[in-house]
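Presented below is the structure to which this report refers.
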Amino acid sequence: RRTGEALRAFHTAIRSSPGASRSQAVKEQAQGTMLKVLTSFKSSEIEQAVNSLDRNGVDLLMKYIYKGFEKPTENSSAILLQWHEKVRVGGTLGS
C-alpha cells in the first residue's frame with residue numbers, strides 16, 4: 001500500500017513540474033517537493049518508479065536528480081545516487 005502512495009506522489013510531482021516557469025520560487029518549491037518524494041522511496045521501489053516513466057519523464061527525473069545534487073540535504077545524496085543509477089541503467093542513452 002505504501003508503495004502505491006509513493007508512486008502516486010512521484011507521478012504527481014513529475015506531472016506538476018513547472019517546466020518553463022520563469023518563477024525561481026516556483027521552481028525551487030517543485031524541486032523541494034520532488035526531493036521529498038524521491039527520498040521517501042525505499043531502495044527496492046526505485047526501479048519500479050523509474051520504469052513507470054516515459055522517456056520525457058525519465059529526462060525530467062534526471063534533471064531533478066542533478067538539481068538535488070546541487071543542494072544536498074541530510075542523506076539526500078546517497079538516495080539520489082541510487083535514483084541516478086536506476087535511471088542510467090533503465091533510461092535512454094541521452095539521460
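Things worth noting here:
- Low-density loop cleavage sites - GluC sites (Glu not before Pro) in the chain, where at most 12 other Cβ are within 10 Å (DSSP): 74
- Average accessible area per residue (Å²) across the chain - probe 1.4 Å, nucleic acids and ligands excluded: 64
- Computed E for residue 26/residue 74 - FRET, C-beta separation, R0 25 angstrom, nearest 0.05: 0.55
- Here the chain has an Rg and Dmax of 12.4, 37 Å, counting Cα atoms alone.
The values are calculated or read from the model by the stated rules, or taken from the named source; none is laboratory data. Since this is a predicted model, take the numbers as computed values, not measurements. Backbone-built Cβ (ideal geometry, glycine too); neighbour counts: all protein chains shown. Accessible surface areas use protein heavy atoms only, side chains included; no ligands, DNA or RNA. Shrake-Rupley method; radii C 1.70, N 1.55, O 1.52, S 1.80 Å.
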